[in-house]
Each structure stands twice: as C-alpha cells, then as structure tokens.
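Here the structure comes first, spelled out in structure tokens, and everything after it is commentary.
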Amino acid sequence: MRHTENSKQKIEVADVVRSCQDDIATKLRLNKEQQKAIEAITRCRTSEAGGHIAYCNNSSCSYSQLSYNSCRNRHCPKCQYLKQQQWVNKLTSRLMPGRYFHIVFTIPRELHPLFYINQQACYDLLFRSASQALQNAGRNPSFLGADVGALCVLHTWGQTLMYHPHIHMLVPAGGLSTDGMEWVASPKKFFVPVKALSGMFRGILVKQLEKLLIKEKLRLPKEFEGAQMLKSELYSKRWNVYCKKAFGGINSVLQYLGRYTHRVAISNNRLTSLSDKQVSFTYKDYRQNSKQKQMTLNQLEFVRRFIHHVLPSGFFKIRYVGILATVHIHGKREQVIALVGENMWLSNLEGLTSYEVLRALIGKDPCICPKCNKGIMVRTRILHQLE
C-alpha cells in the first residue's frame, strides 16, 4: 500500500518493514535480537499478535470492540508510553531536589565500528568511563571537592538514524562533601571545565579499551591493525563533552525526562510518506539551530539504520551512578535531602496496574463504553491468533 503526505492513514515503522520484508531477509544480516525486534514490531497490535473482544455490559447498548495485543518490545515505537510515564513518575521520589545539568558524552566516529561489533562490552565501558570521569572531576579539590552523582541514559542514534553512541547525564548541581556534613553547590555554569572533563573521559575510555584489546576480549575492526594503532588514532582526535544549561528545578527535570527517556530510534509521528521504494521522515538539523528538515531514504536503508539501534538482550540503558546510585538511596541520598532542606515529591503511580495507571493519566475510566458512556467494556473472548 502506498502512503503519501496527504494520506489520512498514519505511517508506521511497521509499514516500512512490511514493504521490504523480502529484501530484509535476503540482504540484511540480522542478529537474534534484531530479528526478534523486527518480528515484534510488525506483529504489534495486529491479528498476528492475538487479542480480545469486549462488549458493553449495558443491556440497552450493543457496542463491541476488537482490540489487538501489544508486542511490548522496548524498541517498538508504539509500546513505550505507559512505561515511560510510570518510570518518570517513580523518579519524583528518587531524584534529589534542586538544579540539574545536562551533560552529553560522545565518542569519535573512529570508534563506531568497534562499538557496533562489541556492543555489550563497549556500551558498558562507555557508561563506566563517563561515570568515572564525572566523579573524578567532582572529587577534585580544584573543582568541586565533593561526591557527585548522575542519572545516565544511553542513546545510539542521531536524528537521521545514523549510528552514534553517546551518554546523556542529568547531574545534580552540586555534591556531598567528603565528610558528608554539607552540600557543596556548584557554580552556575558547571563544576568542572568541559575541556578538562573531555580529557578525563578520553584518558579513561582509551586506557580501558586498550586493556580489553590486549586481553583479546574485543573484536577489532579490519581497518585497525592492533590496539596501539587504535590508541594513537584516538588520542589524535578531539573528544567532545557537551554541557547544557542547568534546569531550573525538579519540575523542569521531570518534564524533560518525560519526552526524552524511553525513546526508540525514531517515532512513528516523524514518518511523512511511504512509496514503493522510499520512505521520508522529518529530522532536526542541530548544525542549523535545530531547523526542521526532511530526509528520504530507500526503504531497506531505513530499516538497516533502524536495526543498528536494537540493544543487546537484557542490557540496561538507564543507570544511576555516584550519590544517585541505588546502593546510596537510603544513605547519601537521604543525607543530601536533609542538608538541602527541600521537600521531596511522592510517586502516585508506583505499584499501580497498567489499567490503573492509564486511568490516572487520562483522567477517566478507560473501560467506560465509548458509545453509551454508561456501561463497562467487559472482555468476553480471548483471541490467541486471528485470521
């Protein structure tokens, strides 16, 4: 089926995949997780996933509704909303009050092939290196001289779906003094010069990469003859750590997180047209002040880029480090809250079922009949697989 920009039917990533399924099977080499994600996305909320029929229990209403099951795959553009809202709400009782900085740790393009063929090990290393650099800088008496923390999120894509692994950090604007007796507020801009943090990050990551390569725990891309050549290449490049302005407070942080975490590589609402051979989507060009542009790709190329961002099985892309780490949740974190002297928010969604969460978010009972607005929609038949 052909979709255009004027078509009323919404275009989805699943439509693109279905349009070139034969080419995907013959021309792309998918690993187990990529294959699983592609299959889940194409089945999501279709007859292949099964579903149920619900009837209104109001005797004067004959309305019935057929609903298909969600795939719940974390890479599916249609299955992240409730998880996102529950996670963000839970953070209201976990994050510390006060201002936050947004820090982005990126790696040089030369490392992309190495990271892609060693995803589990390299992504872990990326988290550890960025975390260690941040905490070393925070403890340095020349900068803040305190224990700091961060909420870290891994993203592997850019706006045009190109492979681009990087870590986003939300960092409290200050730290706990080494004796644990006071909260040390950071300067307005940040507690460490970004160039210094970039150098620390590069030194830690390259050193750890070299160790893993010497121990032959990583596969080396064809373009590099050995660990020493890779090391020399990386030290000749400029590494970027970017610091955005501090958020005004916990409200700003949570609003930001609500639209930033639990993202997949591309959302369905960015797709604008789908033809027999091509797919078009919108993107922001950050080099031109986030100007909105459109890109058109061959369908197979679009899918190839999309599957590059399927994470290894069981990999946690959201982590807490330093004074925000889970191990400190009843220790340093509570001490900081007491020192800061501000009230914490409480989560109102934690422990609720998906149905209860949805009711709280939309402000009405999702089971109320949409036709008569009186009866309750009752599931009467489970359909495991529909024809």
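The values are calculated or read from the model by the stated rules, or taken from the named source; none is laboratory data. Bear in mind the structure is a predicted one, so any value in this text is a computation, not a measurement. Cβ atoms come from the backbone with ideal geometry, glycine included; neighbour counts cover every protein chain shown. Each accessible area value is taken on the protein alone, full model and side chains, heavy atoms only, with ligands, DNA and RNA left out. Shrake-Rupley method; radii C 1.70, N 1.55, O 1.52, S 1.80 Å.
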Next on the checklist: Looking at the structure I just gave you, is Lys8 modelled with pLDDT of 90 or more, of a type in the set (Lys, Arg) and open to solvent by 30 Å² or more (accessible area, probe 1.4 Å)?
Outcome noted: no
Checklist outcome for this item: Of the listed residues (Gly199, Gly175), the one being within 30 Å of His328 (Cβ to Cβ) and touching a residue at least 60 places away in the same chain (Cβ under 8 Å) is Gly175
Checklist outcome for this item: The number of residues in the stretch 196-252 that are open to solvent by less than 40 Å² (accessible area, probe 1.4 Å), more than 30 Å from Val340 (Cβ to Cβ) and of a type in the set (Phe, Trp, Tyr) is 2
Item to check | Selection within the stretch 295-333 - more than 26 Å from Leu151 (Cα to Cα) and under 23 Å from the mean Cα position of the chain (by Cα) | outcome: Met295, Glu301, Phe302, Val303, Arg304, Arg305
Checklist entry - Tell me, which residue of the stretch 335-345 that is closer than 21 Å to Asn89 by Cα and over 27 Å from the mean Cα position of the chain (by Cα) is modelled with the highest pLDDT? => result Val336
Checklist entry - Within the stretch 351-367, is even one residue at pLDDT below 70, among the aromatic types (Phe, Trp, Tyr) and open to solvent by less than 100 Å² (accessible area, probe 1.4 Å)? => result yes
Checklist entry - Assuming Asn58 fulfils every condition listed in (1) under 19 Å from Leu271 (Cα atoms); (2) in a loop (DSSP other than H, G, I, E, B) apart from one, which condition is it? => result (1)
Checklist outcome for this item: Within the stretch 305-319, the residues that are touching a strand residue (DSSP E or B) at 6+ places or on another chain (Cβ under 6 Å) and over 16 Å from Tyr116 (Cβ atoms) are Ile318, Arg319
Checklist entry - Is at least one residue of the stretch 305-320 aromatic (Phe, Trp, Tyr), surrounded by fewer than 18 Cβ atoms within 10 Å (Cβ to Cβ) and more than 21 Å from Cys76 (Cα to Cα)? => result no
Item to check | Options Ser267, Ser252; residue that is within 19 Å of the chain's Cα centre (by Cα), closer than 21 Å to Gln21 by Cα and either at pLDDT 95 or above or not aromatic (Phe, Trp, Tyr) (or both) | outcome: Ser267
